[in-house]
1. Could you list all residues from region 72-92 that are over 20 Å from the mean Cα position of the chain (by Cα) and either in a helix (DSSP H, G or I) or closer than 18 Å to L48 by Cβ (or both)?
2. In region 32-40, is there at least one residue being hydroxyl-bearing (S, T, Y), closer than 20 Å to E152 by Cβ and touching a residue at least 12 places away in the same chain (Cβ under 8 Å)?
3. Does region 163-179 contain at least one residue that is touching a Gly at 6+ places or on another chain (Cβ under 7 Å), surrounded by 19 or more Cβ atoms within 10 Å (Cβ to Cβ), assigned to a loop (DSSP other than H, G, I, E, B) and not hydrophobic (A, V, I, L, M, F, W, C)?
4. Starting from region 207-221, keep only residues that are under 11 Å from E190 (Cα atoms) and touching a residue at least 12 places away in the same chain (Cβ under 8 Å), then list their pairs with residues that are charged (D, E, K, R) and part of a helix (DSSP H, G or I) whose Cβ atoms are within a distance under 6 Å, requiring at least 6 positions of separation or different chains.
5. Only one of these conditions is not met by L52: (1) farther than 19 Å from K203 by Cβ; (2) free of Cβ contacts under 8 Å to residues at least 12 places away in the same chain; (3) surrounded by 15 or more Cβ atoms within 10 Å (Cβ to Cβ). Which number is it?
6. Return yes when K47 is crowded, with 19+ Cβ neighbours inside 10 Å, of a type in the set (K, R) and free of Cβ contacts under 8 Å to residues at least 40 places away in the same chain and no when it is not.
7. Would you check if D194 is surrounded by fewer than 17 Cβ atoms within 10 Å (Cβ to Cβ) and closer than 16 Å to A210 by Cα?
8. If I filter region 140-150 for residues that are modelled with pLDDT under 90 and part of a loop (DSSP other than H, G, I, E, B), do I get at least one hit?
Amino acid sequence: MAILKCAGLSKRYGSVSALEGLDLAVEPGRIVGLLGPNGSGKTTLIKLANGLLRPSEGKVLIDGWEPGVESKKLVSYLPERACLPEWMTVQGLLGFYGDFYADFDRAAATDMLSRLEIDPKRKLRHLSKGNREKVQLILVMSRKAKLYLLDEPIGGVDPAARDFILGTIIQSYNPEAAVIISTHLIADVEKVLDDVVFISRGKLLLNASADDLREQRGKSVDEVFREVFKC
């Protein structure tokens, strides 16, 4: 069974269509790049899957569940903007996540913090913007979820940390889970992608294996993206 399934999924805001008739299935064990220009509907799709928005038409299912109490147990979500309370210490956030999520692996989170040299005793507001984003990603990836929804997970971190973070994403999810990464930094993430999904103006343009796409086009995913969405 697909971890994420969209059937005729549409979302409109008045007369503006953010998603239009999207059909998509994401299988377990896949890391999927959700790619498209600004305003293409990427964040809308992620919010619909996370139950933060309701469809105008169609359905989105998480492991067979419509977004709700049961689906939220299966989804670990990284929003595009930081949402953690900055008055808390990193250590306090570990306790908060451990209390809130039964599948949170505190030992794994502590290990990643140590490897990134982030002091768990410091308050979030005393960390740099990049380190705050690293903390949020570590919390998200330390859950044993079935679906990880990552909206711009490396947008605010330095290039030196990106490889570590991408490695963390690969190592932290189990074969029964799927990861969806929405990003503009395609050249940085394409080496970890199994599949790519291109959307534009709320419509699906392409859904393919990353390896097949590179073989058929003779180009990197980043080069294909630039070609398809050239201004």
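1. To start, the set of residues in region 72-92 that are over 20 Å from the mean Cα position of the chain (by Cα) comprises 85-92.
Correct list: V90, Q91, G92.
2. Yes, because at least one residue in region 32-40 is hydroxyl-bearing (S, T, Y), closer than 20 Å to E152 by Cβ and touching a residue at least 12 places away in the same chain (Cβ under 8 Å).
3. No, the conditions are met nowhere in region 163-179.
4. As it stands, the answer is V221/E190, since those pairs meet every condition given.
5. Against the list (1) farther than 19 Å from K203 by Cβ; (2) free of Cβ contacts under 8 Å to residues at least 12 places away in the same chain; (3) surrounded by 15 or more Cβ atoms within 10 Å (Cβ to Cβ), L52 comes up short only on (3).
6. So K47 passes the test.
7. It is true that D194 is surrounded by fewer than 17 Cβ atoms within 10 Å (Cβ to Cβ) and closer than 16 Å to A210 by Cα.
8. No, the conditions are met nowhere in region 140-150.
The values are calculated or read from the model by the stated rules, or taken from the named source; none is laboratory data. The model shown is predicted, which means the values in this text are computed figures rather than measured ones. FYI the Cβ positions are ideal-geometry reconstructions off the backbone, even for glycines, and counts take in every protein chain you see.
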